[in-house]
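Here is the structure we will look at.
Just so it is clear, none of the values below were taken in a lab; they were calculated from the coordinates. All values derive from a computational prediction rather than experimental measurement. For neighbour counting, all protein chains shown are included, and Cβ atoms are generated from backbone atoms with ideal geometry for every residue, glycine included.
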Amino acid sequence: MDLEKLKEKLISIVPTAEFEENKQFLTAVIPSDKLHSLAKKLKESEDTLFDYLFCLSAVDWTTHIGVVYHLTSTKLNHNIVLKVKTTDRENTVFDSVTDVWKTAEFHEREAFDLMGIKFKNHPDMRRIFLEDDWIGYPLRKDYKDDVNIVEQ
Amino acid sequence: MTETTENYQLDQEEYIINMGPQHPSTHGVLRFEVSLKGEMVRNIRPHCGYIHRGIEKMCEKNTYQQIIHLTDRLDYLSAHSNNELVCLTVEEALEIEVPERVKYIRTIMAELNRIASHQLWWCSMGMDMGGLTCFFYGLRDREPILDIFEETCGGRLLLSYNCPGGVMYDLHPNFQKRVKDYIKYFRKKLPEYDALLSGNIIFLERTKGLGVLTLEDAISFGVTGPTGRASGFSCDIRKTQPYSAYSKVDFKEILYTEGDTFHRYKARIDEMWESMNIIEQLIDNIPEGDYAVKMKPIIKLPAGEYYKSVETARGELGLYLISDGNKSPYRFKLRSPNFINLGALASMVKDTKIADLVAISASLDLVIPDIDR
Amino acid sequence: MTFKFLYDFSILTQAIDKAITGSMSPFWAMITEMTIIGVLILAFYAVVGLYLVYAERKVCAFMQNRVGPNRVGPWGFFQTIADLIKLLMKELIPIKAADKLLFNIAPFIVIIAGFMAIAAVPFAKGLHAVDFNIGVFYVMAVSSIGVIGILLAGWSSNNKYSLIGAMRSGAQIVSYELSVGMSLITIVILAGSMQLSTIVEGQHDLWFIFKGHVPAIIAFIVFLIAGTAETNRGPFDLAEAESELTAGFHVEYSGIKFAFFFLAEYMNMFIVASIAATVFLGGWMPFHIPGLEGFNHVMDYIPPFLWYFVKTAFVIFLMMWFKWTFPRLRIDQLLTLEWKYLLPINLFNILLMALMVLMGWYF
């Protein structure tokens with residue numbers, strides 16, 4: 001499916017999707033409440049078949065905090081990038097996509113551990129790298145650690 | 001025990017043993033919490049992070065030239081590919097075309113690195129299955145590759161040979177001859193590997209049909225590399241998105257459909273043959289020219305988002321880089337193949353025995369620093 | 001001829017016996033003799049154990065394109081002695097939650113089993129400590145006591161790894177004991193005796209492995225496999241399975257107690273190899289071919305104890321060769337191999353041998 005059609009398809013599912021400029025991939029910002037249903041549709045519908053989530057990154061844009069999903073279809077060979085954002089830094093919660101792509105389980109635990117993003121309906125929402133009593137989320141831009149990180 | 005058992009209810013007769021972080025077959029500081037019923041594995045939960053160094057965070061503070069020396073330390077057995085990824089991303093973002101010579105050198109180096117990595121995997125897999133002799137055979141044949149690296153790069157394991165715009169120094173004059181000699185030597189030695197391990201009935205009995213990962217699961221778990229390809233997931237980045245000189249060479253993507261331990265093993269052995277084919281096609285045709293483009297001492301990428309991936313010995317290593325136009329990246333997210341492959345392990349080992357758990361995790365070829373980053 | 005005793009040790013042993021009984025009362029003479037024999041066997045046990053470790057390291061180095069130990073003494077000859085001194089001086093780490101008594105006696109049980117078995121082995125003509133009329137049976141019986149030590153070690157360590165290792169070892173030895181026994185019985189049928197000295201004497205014209213041809217060779221192969229399994233050596237080293245259970249049943253042992261297990265493992269290998277050499281390959285009996293008197297006479301010039309050690313060394317080398325070539329089996333495959341293959345083959349083999357002996361089809 002070419003990019004224009006993919007864009008139309010996406011708008012037909014989520015009318016409020018915004019598109020960002022990107023040379024490489026079609027990038028869409030999705031309202032976070034639509035994420036799970038969109039993910040399911042993108043994976044299951046015949047003309048999209050996004051069956052492979054090859055990267056899930058949590059990003060702190062300082063004003064916003066969010067998750068970037070890189071998707072591709074192994075059968076149709078097209079890519080899409082989905083973004084969800086929120087301004088709520090204290091209690092950042094998104095829907096988990098673990099039931100759609102199993103690989104998300106580890107990715108989401110990593111996002112929780114390092115960026116403090118919680119995922120609803122995740123089967124095992126624990127820290128994955130750091131100790132359970134670690135305070136703060138190191139990859140956030142406002143994370144301060146005077147002992148271990150030397151500011152330049 | 002407090003956090004580990006809280007979301008998992010133990011059946012009667014079930015008990016938990018800790019495999020790792022100090023255990024001979026986790027190949028590093030990985031810990032499996034294994035629930036067992038007798039010898040049968042009921043469930044495993046991996047615990048990572050024992051050597052979490054925060055490389056992603058460190059990269060956000062460093063310049064692109066400095067980052068090279070950090071990404072070496074991810075998957076130390078594919079150090080070259082890791083560095084190549086950063087360089088490719090930077091070059092793509094700046095729209096720099098590197099000289100042909102650089103592309104050839106990078107491809108040859110990456111393939112040599114892949115062979116060395118698969119050799120180490122082969123010997124440690126043999127060791128995990130109880131055949132200790134494999135370990136020495138593998139290390140013996142890996143040594144000349146490291147010597148070749150040392151001659152050109154100075155490093156044996158962590159090469160740090162790539163830099164944005166090219167490679168750090170030109171090839172050593174002996175390079176071509178030594179590589180050709182080595183390929184000739186290793187073509188004779190690789191069948192020996194088959195004779196020692198894959199021709200052995202005990203080995204076959206212990207690997208065939210075990211730890212099956214179906215194609216759907218492989219895609220859903222995002223399992224890449226030889227592990228994914230043994231399940232029939234065509235995920236070779238060298239084929240799907242050719243970088244460096246891979247578009248100029250003719251090679252097969254190793255694909256099997258069985259997805260069991262034995263075919264993961266087979267896929268890697270076959271990859272070594274393919275790597276040798278690739279090197280042989282390139283080694284005589286390395287074009288003359290510069291070994292690097294002159295770069296500014298401080299590289300600033302234009303603001304934006306970049307995603308690039310390369311094929312390391314273990315699968316697709318992806319880099320999602322967000323730049324805000326400064327000298328260091330704003331966000332440096334690595335999609336490390338081992339971390340993702342580890343996610344699939346629990347589903348593969350269910351209802352096997354402890355010995356199978358060891359064999360299956362060996363066939364995934366996990367490198368712990370790449371999991372933890 | 002002054003070195004005549006080399007060919008028949010009973011000359012020497014009887015001379016010593018005469019000297020001792022002549023100089024003290026019969027009671028004290030017996031005590032003295034027993035002490036001498038005990039000390040000699042103990043010394044022999046330690047030296048053989050140490051040098052088997054050395055031999056294993058050299059053989060495995062040879063298989064793996066390495067040099068092996070080569071620093072302590074010429075060709076590293078004193079390496080294992082240095083290792084022993086190190087192990088002797090190492091701290092014995094006490095395990096808090098262990099069952100102290102069982103934990104401490106386990107290594108001794110293992111080593112005593114080996115010690116008892118070795119007493120019945122005929123090393124050369126007239127050179128063995130005891131010569132029971134049920135020698136084969138005795139050796140089988142005492143060598144299987146060792147498994148109790150392994151089970152105790154695994155259980156009392158209070159460690160899950162060692163418990164799994166011990167349980168594996170129990171299942172393994174109980175199963176393979178059958179095959180060891182059955183394959184020896186095959187030869188006992190041929191020899192018509194269980195006394196080890198009679199078995200050796202019975203091979204004066206031809207070794208049993210040649211005399212009994214097909215069934216004897218089958219029995220020898222089965223004995224080698226089952227014997228390797230009995231000694232917990234690779235590819236049957238599931239009880240210690242380094243890559244799975246770290247060290248299996250002896251994971252909590254340190255210092256000299258660990259050394260006991262280590263030594264016992266090598267001694268068990270030696271015992272299995274000596275039994276194989278004695279029962280199948282003629283023990284100290286030189287290689288004779290009926291009808292070739294000149295050849296037999298030349299063979300007789302090689303002292304019996306040399307024959308014995310060369311044969312034992314050959315079997316030991318075979319066992320080391322297995323270990324360094326094969327990957328390890330899984331526990332279910334191990335039991336399948338025994339109960340589904342070795343045992344039926346063995347039972348059939350006994351029938352075959354009995355038929356052969358009845359019909360006089362042997363050489």
Of chain C, which part is the longest with no trypsin sites (Lys or Arg not before Pro) in a loop (DSSP not H, G, I, E, B) and with at most 12 other C-beta atoms within 10 angstrom? C:97-363
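Could you tell me which of rounded, prolate or oblate describes chain A, using a ≥ b ≥ c as the square roots of the eigenvalues of the alpha-carbon gyration tensor, with rounded for a/c under 1.5 and, failing that, prolate when a/b is larger than b/c and oblate otherwise? Write down the numbers at each step before the final one.
Numbers: a/c = 2.20, a/b = 1.79, b/c = 1.23.
Prolate.
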Take region B:104-169, compute every pairwise Cα distance, and split them into 5 Å bins from 0; I just need the percent in each bin. 4, 18, 24, 20, 14, 10, 6, 3, 1, 0
Can you tell me, using C-alpha contacts under 8 Å and at least 6 residues apart, the relative contact order of region C:95-359 as a whole percent? 25 percent
Over the protein assembly as shown, the sum of -39500 (n - 2.57) across DSSP H runs of at least four, divided by residue number and rounded to 500 deg cm²/dmol, gives at 222 nm -16500 deg cm²/dmol
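Give the shape of region C:95-359 as rounded, prolate or oblate, defined through the alpha-carbon gyration tensor: a ≥ b ≥ c are the square roots of its eigenvalues, a/c under 1.5 means rounded, and otherwise the shape is prolate if a/b is larger than b/c and oblate if not. Please list the in-between numbers first.
Working: a/c = 2.25, a/b = 1.73, b/c = 1.30.
The shape class here is prolate.
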How long are the semi-axes of the ellipsoid equivalent to region C:100-205, from square roots of 5 times the Cα gyration tensor eigenvalues, in whole Å, largest first? 33, 16, 8
Of C:L238, C:M182, B:L321, which is farthest towards the positive pole of the protein assembly as shown's charge dipole, taken about the Cα centre with +1 and -1 on the beta-carbons of Lys, Arg and Asp, Glu respectively? C:M182
Using the scaling law 2.2 N^0.38 Å as the reference, what is the normalised Cα Rg of region C:257-359? 1.43
Rounded, prolate or oblate: pick one for region A:3-91, where a ≥ b ≥ c are the square roots of the eigenvalues of its C-alpha gyration tensor, a/c under 1.5 means rounded, and failing that, prolate if a/b is larger than b/c, else oblate. prolate
Tell me, rounded to the nearest percent, the portion of alpha carbon pairs in region B:55-299 spaced more than 23 Å apart. 53 percent
Counting other beta carbons within 10 Å of each Cβ, put C:T228, C:T35 in order, fewest first. C:T35, C:T228
Counting other beta carbons within 10 Å of each Cβ, put B:M276, C:M89 in order, fewest first. C:M89, B:M276
What stretch of chain A, leaving out the sites themselves, is the longest with no GluC sites (Glu not before Pro) in a DSSP loop having at most 15 other Cβ atoms within 10 Å? A:47-89
As I understand it, the value is the acute angle between the Cα axis of helix B:100-128 and the longest principal axis of the Cα atoms of chain B; what does it come to in degrees, rounded to 10? 20 degrees
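Reported to two decimal places, what Rg/Rh ratio describes region B:101-211 when computed on Cα atoms with Rh from the Kirkwood expression? Don't jump to the answer; show the numbers that get you there.
Working: Rg = 16.3 Å, Rh = 15.4 Å.
So for region B:101-211, dividing Rg by the Kirkwood Rh gives 1.06.
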What's the whole-number percent of alpha carbon pairs in region B:31-71 lying beyond 17 angstrom? 55 percent
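Using only alpha carbons, build the gyration tensor for the protein assembly as shown and give me the equivalent ellipsoid semi-axes, biggest first, whole Å. The partial results should precede the final answer.
On the way: eigenvalues 805, 169, 127 Å².
Working through the eigenvalues yields semi-axes of 63, 29, 25 Å.
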Order of C:I11, C:I20 - criterion: other Cβ atoms within 10 Å of each residue's Cβ, fewest first: C:I11, C:I20
Pairwise centroid distance, computed over Cα atoms, of region B:182-218 with region B:13-33, Å: 25 Å
Where the Cα atoms of region B:127-270 are projected onto their three principal axes, how long is each span, largest first, in whole Å? 47, 37, 25
